[in-house]
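**Student:** Shown below is the structure under consideration.
Laboratory data are not the source of any read-out in this text; all were calculated from the coordinates shown. Everything numeric in this text was worked out from a predicted model, so none of it was measured. Positions of Cβ are generated from backbone atoms using ideal geometry, with glycine treated the same way; all protein chains shown enter the neighbour counts.
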Amino acid sequence: MVAVAILAAGRGTRMKSDLPKVLHSLGGLTLVERVLNSFSEMKPQRCLVIVGYQGDRVKNALNSFGDLEFVEQTQQLGTGHAVQQLLPHLEGFTGDLLVLNGDVPLLRPETIKLLMQTHKQYQNACTLLTAQLLNPQGYGRVFCNGQNLVKEIVEERDCTPAQKQNRRVNAGIYCFNWPELAKVLPKLQSNNDQQEYYLTDVCSFLEPVMAVDVEDYQEILGVNDRKQLASVYYILQTRVKDAWMAAGATLIDPDSITIDDTVQLQPDVIIEPQTHLRGKTLIGSGSRIGPGSLIEDSEIGENVTVMYSVVTNSIVGANSRIGPYAHLRGDVKVGASCKVGNFVELKNSQLGSSTNVAHLSYMGDATVGSRVNIGAGTITANYDGVNKHATLIGDGTKTGSNSVLVAPLTLGTDVTIAAGSVVTEDVPDDCLVIARARQVVKPAWRLKSQPE
Ligand code: UD1
Ligand code: CA
């Protein structure tokens with residue numbers, strides 16, 4: 001039987017933020033969501049999240065996770081005090097308790113497995129993760145004998161200069177035999193530099209306490225300030241990008257690219273510099289994205305090119321070309337083999353297949369058929385100042401340059417709109433529409449003031 005507890009009650013003073021630290025975002029997920037994901041495969045019997053500072057906000061942010069029990073720590077008196085709050089909730093529980101700091105977001109599931117296995121194998125009272133850091137600054141130092149048995153953990157601010165030299169640090173990830181921990185938790189005292197109840201102090205009451213070094217120290221990096229948030233983000237990015245390159249994607253100048261770990265790339269995708277892929281995005285094989293593009297929560301088909309463009313909440317069909325300088329947003333669906341070109345904005349609109357909107361256009365709330373050519377500068381006037389209205393454009397229709405389609409409006413199939421038209425009435429199939437003032441040419445005409 002395993003229960004998990006996540007320490008998420010602290011404010012995170014060093015972040016200098018109104019937002020609780022564990023709700024700061026790291027590549028599309030909050031820190032605490034990442035911690036929850038790191039053990040989800042383990043399927044523990046119980047999962048308790050200790051909340052305090054802006055607890056309701058933390059609870060709300062986690063409402064998509066089922067089966068969480070929230071435990072209130074009304075005053076944040078330290079990590080030991082936080083775990084003491086579990087006592088009434090875990091009364092009679094006889095299994096192991098895995099404790100995770102809510103601000104250690106890069107932990108791998110395999111590492112947690114190794115910790116739990118070691119804990120079982122040696123029947124420890126407590127097993128904790130440690131790492132040897134070149135720069136151990138800010139972490140509690142772990143002092144062990146030759147068999148990795150922990151003698152003491154000393155917070156950096158309580159260390160003597162000699163103790164500070166120890167580079168073995170506490171990751172803030174522990175597995176406890178709960179009944180034994182429950183017995184000693186009330187013994188904690190706050191006689192340290194911060195006047196807090198430290199969870200690490202239980203080690204002096206428990207036996208045996210064993211340290212397990214992680215192989216990759218990066219996994220245990222904690223986020224206490226914005227600089228650490230940035231360096232953890234960089235590590236996460238490196239992990240994600242290395243994995244996609246190994247899986248067959250080309251990244252040109254990877255350092256200039258960011259990819260959320262919720263993104264999926266098919267083989268032979270090419271990501272050009274200064275491109276950012278976010279959220280639930282899928283890029284189909286053979287597609288070339290960038291340079292200079294942002295794709296968020298979108299599905300890009302196979303062999304698509306997207307250049308210097310922004311695509312959010314949209315779907316783009318195979319073999320289509322987007323950009324340069326296009327903006328697709330708010331549920332756009334572009335069919336196969338379409339061209340959406342320079343300075344075109346599409347919002348909540350569908351294009352059939354082989355349709356072109358190549359220059360300087362806005363299509364909002366429009367349903368456009370296949371083989372349509374939207375001439376340069378065609379605009380759907382979809383908003384009357386109060387409501388949005390739809391425009392329907394049939395297959396094979398062509399709009400002339402600088403047409404204004406005043407919605408609500410339906411154009412049939414194979415309609416031709418003359419350039420410069422302002423179209424206010426529906427048009428049946430196969431028609432030519434000219435909706436502009438006829439040109440007037442006055443021969444032999446001069447300005448009156450102009451001499452002969
Ligand atoms: C803690 C460890 C330190 C370790 C480091 C690893 C202690 C005393 N120290 O230090 O040995 O090297 O983590 O990252 O445990 N929290 C609460 N309630 C509180 C205080 C904190 O829930 O009253 C939560 C915080 O929200 C945070 C976590 O506990 O998620 C760690 O707290 P933090 O103050 O960041 O501890 P560190 O100083 O980093
Ligand atoms: Ca911390």
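**Student:** Just how large is the dipole of the range 250-433 about the Cα centre, in debye to the nearest 20, putting +1 at every Lys and Arg Cβ and -1 at every Asp and Glu Cβ?
**Tutor:** 220 debye
**Student:** Could you list 100, 405, 90 in order of exposure, starting from the residue whose Cβ has the fewest other Cβ atoms within 10 Å?
**Tutor:** 90, 100, 405
**Student:** Listing 41, 296, 156 from the residue with the fewest other Cβ atoms within 10 Å to the one with the most, what is the order?
**Tutor:** Ascending Cβ contact count within 10 Å gives the list 41, 156, 296.
**Student:** How large is ³J(HN,Hα), in whole Hz, for each residue of the range 213-230 in order, when computed from phi with the Karplus curve 6.51 cos²θ - 1.76 cosθ + 1.60 and θ = phi - 60°, using x for Gly and Pro?
**Tutor:** Using θ = phi - 60°, the values come out as 6, 7, 6, 10, 4, 4, 4, 9, 4, x, 10, 10, 9, 5, 5, 5, 4, 5 Hz.
**Student:** A follow-up question, please. Any idea how far the Cα center of the range 347-397 sits from the one of the range 92-113, in Å?
**Tutor:** The range 347-397 and the range 92-113 have Cα centres spaced 52 Å from each other.
**Student:** Here's something else I'd like to know. Taking the number of other C-beta atoms within 10 Å as the exposure measure, put 116, 363 in order starting with the fewest.
**Tutor:** 116, 363
**Student:** Once Rh for the range 1-63 is found with the Kirkwood sum over Cα pairs, what is the Stokes-Einstein diffusion coefficient at 25 °C and 0.890 mPa s, in µm²/s?
**Tutor:** So the translational diffusion coefficient is about 200 µm²/s.
**Student:** Here is a follow-up. With N set to the number of residues, divide the alpha-carbon radius of gyration of the range 134-254 by 2.2 N^0.38 Å and report two decimals.
**Tutor:** The range 134-254 yields a ratio of 1.33.
**Student:** Looking only at the chain, where both bridge partners belong to it, what percent of the DSSP beta bridges are antiparallel (to the nearest 5)?
**Tutor:** Percentage antiparallel, nearest 5: 20.
**Student:** Same structure again: Once the other residues with Cβ under 9 Å from the Cβ of residue 382 are scored (Lys, Arg +1; Asp, Glu -1), what is the net sum?
**Tutor:** Net of charged neighbours comes to 0.
**Student:** In whole percent, what relative contact order does the range 2-220 give with Cα contacts below 8 Å and a gap of six or more residues?
**Tutor:** 24 percent
**Student:** What relative contact order, as a whole-number percentage, does the range 330-407 give when Cα pairs under 8 Å and 6 or more residues apart are counted?
**Tutor:** Result for the range 330-407 is 25 percent.
**Student:** Still on this model: Give the average over all directions of the projected area of the C-alpha convex hull of the range 323-452, one decimal, in nm².
**Tutor:** Result: 10.7 nm².
**Student:** Mind checking the dipole of the chain: about its Cα centre, +1 per Lys or Arg Cβ, -1 per Asp or Glu Cβ, Debye to the nearest 20?
**Tutor:** That gives a dipole near 1040 debye.
**Student:** Quick one: compute the contact order of the chain, relative version, from alpha carbon pairs under 8 angstrom and 6+ residues apart, as a percent.
**Tutor:** Computed value for the chain: 8 percent relative contact order.
**Student:** Can you work out the base-10 log of I(q)/I(0) for the range 2-220 at q = 0.11 1/Å, using the Debye formula on its C-alpha atoms alone?
**Tutor:** -0.49
**Student:** When only DSSP loop residues count, what trypsin sites (Lys or Arg not before Pro) in the range 1-42 have their Cβ near at most 14 other Cβ atoms within 10 Å?
**Tutor:** 16
**Student:** While we're here: Once the dipole of the chain is set up with Lys and Arg at +1 and Asp and Glu at -1 on Cβ about the Cα centre, which of 231, 399, 363 lies farthest towards its positive end?
**Tutor:** 399
**Student:** Quick one: what are the phi-derived ³J(HN,Hα) couplings along the range 405-410, Karplus 6.51/-1.76/1.60 with θ = phi - 60°, whole Hz, x for glycine and proline?
**Tutor:** Whole-Hz 3J(HN,Hα) from phi for the range 405-410: 9, 8, 8, x, 7, 10.
**Student:** Helix-only estimate, please: 222 nm mean residue ellipticity of the chain, summing -39500 (n - 2.57) across DSSP H runs of length 4 or more and dividing by its residues, to the nearest 500.
**Tutor:** -4000 deg cm²/dmol
**Student:** Continuing with the same structure: Say the dipole of the range 2-220 comes from +1 at the beta carbon of Lys and Arg and -1 at that of Asp and Glu; which of 186, 79, 154 then lies farthest toward its positive end?
**Tutor:** The residue sitting farthest along the positive end of the dipole is 154.
**Student:** Net charge near residue 330: determine it from the other residues with C-beta under 15 Å of the C-beta of residue 330, scoring Lys and Arg +1 and Asp and Glu -1.
**Tutor:** Computed value for this residue: -2.
**Student:** For residue 43, which lysines qualify as cross-link partners when the Cα separation must be under 21 Å and same-chain residues fewer than eight apart are set aside?
**Tutor:** Candidates past the 8-residue exclusion: 59, 113, 120.
**Student:** Next up: Say each of residue 425 and residue 117 gets a label point 7 Å from the Cα, pointing the same way as Cα to Cβ; how far apart are those two points in nm?
**Tutor:** That separation, rounded to one decimal, is 7.9 nm.
**Student:** With only alpha-carbon atoms counted, please give the Rg and Dmax of the chain, in Å.
**Tutor:** 30.8, 112
**Student:** Based on DSSP, what percent of beta bridges with both residues in the range 2-220 are antiparallel, to the nearest 5?
**Tutor:** Restricted to the range 2-220, the bridges split so that about 50 percent are antiparallel.
**Student:** Here's another thing I want to ask about it. Which of 256, 298, 320 sits farthest toward the positive end of the charge dipole of the range 256-370, with +1 on the Cβ of Lys and Arg and -1 on the Cβ of Asp and Glu?
**Tutor:** It is 320, whose Cα lies furthest towards the positive end.
**Student:** What does the charge dipole of the range 8-157 about its Cα centre add up to, to the nearest 20 debye, if the Cβ of each Lys and Arg holds +1 and the Cβ of each Asp and Glu holds -1?
**Tutor:** 320 debye
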